[in-house]
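Only one structure is covered here, and it is reproduced in the block below.
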Amino acid sequence: MEVLKIATAGSVDDGKSTLIGRLLYDTRSLTSDKLESIEASSRKKGLDYLDFSLATDGLVAEREQGITIDVAHIYFSTPKKSYIIADTPGHVEYTRNMVTGASTSQASIILIDARKGVIEQTYRHFFINNLLRVKEVIVAVNKMDLVNYSENVFNEIVAEFQELRSKSDFKGQNITFIPVSALWGENIAEKSSAMSWYEGDTVLEHLEALKAEDFEEESQARFAVQTVIRPKTDEYHDYRGYAGKISGSSLKVGDEVTALPSLTTSTIKDIQFFDESFEEAPAGSSVTISLADDINVARGDMLVKSGEVPQQTKLLEATVCWMDNKALLPGNKYLLQHNTNGILAKIDRIEGHVETNFGGVTKADSLKLNEIGKVSIKLSKPVFADNFEENKANGRFILIDPQTNTTAGVGFIS
């Protein structure tokens, strides 16, 4: 079954957890004990409705404060599709959580409170979706019941958001506006009779209509080697295969490939998945590739089609989202993890902070927790990398603090 990964974003009290809970309820994805717990908790609070936010806010602090703090991955399915929702917090101090949740998502739902319209946090949420090149964005204008289901209010918010959209440099993004009331389940899975002026799809209908090909990345094939398979059994005494995941575009038997960094060439002899062989494997496939020639390939190396070798460089210019309490400073040293390749790295310079309201770059000499900046990084050895816009998998990296082994930052190569 096709799987769609979705990230959510919304400010405090925009109703994000309620919307997700309503989706779970309307698709009958809540277990009977979970539903009973929601009913009991709602009665205890004296509510005359079911508080569906309880279906997603799992931490005690989240339930007590009525806010989302941690990233939660929520799974549900319909007869047509399976879904994974990364429920991310919307607060400024949890920007790193939002980036983490959206980093692997194909689509995003941004909630806006109909009473408040586009606010500062909306800018930040939309900016992160642009930074991560999320192709499909649903802008759910929530709490329409509190503005008397006004079409004028909805249209004003759409106009505000379209003005924000004009600041974006990501022209391949699709944005859909849907007026909803998550609390009462209007335009979530079922059409709202109170908003008959809206003729578009519900949230669930729109998600169901999205196709896998809508998210296909048109870029060159990259195959980062995770491990070398050498069974050394009687049956497979001389077998050598390279296991990893294909990104960018497909690879097929007979393709001439170049191994990086050695720049030696060979052709693909076989593509295997478990005990089956295939003539071709699409992007996103985790497979084992055998080559016609016995060349030196190890973990951390990369196979690419000959003639499609990415740029080789020892100096990376990147946008970095900082995730560590210890500030990023020029001269700091980290382990840069690029695909399966670990490289010693040194921060050469910090050009400045990236303003998440699309205000450009302002001069700065450090990056603190949850800040985003333009950074130049020197590497101990060359890396074969792509621009993030051209190839997501080969255009991103993480920075690891060698002293604490924590993920200190994530970067997007420009």
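The values are calculated or read from the model by the stated rules, or taken from the named source; none is laboratory data. If you're wondering where the values come from, they're calculated on a predicted model, not measured in any experiment. Ideal geometry is used to build each Cβ from the backbone, glycine not excepted, and the neighbour counts take in all protein chains shown. Only protein heavy atoms, including side chains, enter the accessible area calculation; ligands, DNA and RNA are left aside. Shrake-Rupley method; radii C 1.70, N 1.55, O 1.52, S 1.80 Å.
Scanning region 195-236 for residues that are of a type in the set (A, V, I, L, M, F, W, C) and within 18 Å of the chain's Cα centre (by Cα) yields a total of 4. The residue of region 113-126 that is farthest from A212 (Cα to Cα), among those that are open to solvent by 10 Å² or more (accessible area, probe 1.4 Å), in contact with a Leu (Cβ under 9 Å, 6 or more places away or on another chain) and not β-branched (V, I, T), is R115. From the list K171, K167, K191, pick out the single residue that is within 21 Å of A107 (Cα to Cα), surrounded by fewer than 18 Cβ atoms within 10 Å (Cβ to Cβ) and without any contact (Cβ under 8 Å) to a residue 40 or more places away in the chain. Selected residue: K171, the only one of K171, K167, K191 that is within 21 Å of A107 (Cα to Cα), surrounded by fewer than 18 Cβ atoms within 10 Å (Cβ to Cβ) and without any contact (Cβ under 8 Å) to a residue 40 or more places away in the chain. Of everything in region 64-82 that is in a strand (DSSP E or B) and at pLDDT below 85, the residue that is surrounded by the most Cβ atoms within 10 Å (Cβ to Cβ) is A72. Look at (1) open to solvent by 10 Å² or more (accessible area, probe 1.4 Å); (2) among the β-branched types (V, I, T); (3) out of contact with any Asp or Glu (no Cβ under 9 Å at 6 or more places or on another chain) and you find that V383 fails only one, number (1).
Set side by side, the residues A243, A259, A194 differ, and just one is small (G, A, S) and in the same structural domain as I85 (by TED's automatic domain parsing), which is A194. With respect to (1) within 30 Å of T78 (Cα to Cα); (2) out of contact with any Asp or Glu (no Cβ under 7 Å at 6 or more places or on another chain), the lone exception for G248 is condition (2).
Would you mind finding the one in D365, D301, D293 that is surrounded by fewer than 14 Cβ atoms within 10 Å (Cβ to Cβ), under 30 Å from K252 (Cβ atoms) and either of a type in the set (F, W, Y) or not assigned by TED's automatic domain parsing to the domain that holds D169 (or both)? Of D365, D301, D293, the one residue that is surrounded by fewer than 14 Cβ atoms within 10 Å (Cβ to Cβ), under 30 Å from K252 (Cβ atoms) and either of a type in the set (F, W, Y) or not assigned by TED's automatic domain parsing to the domain that holds D169 (or both) is D293.
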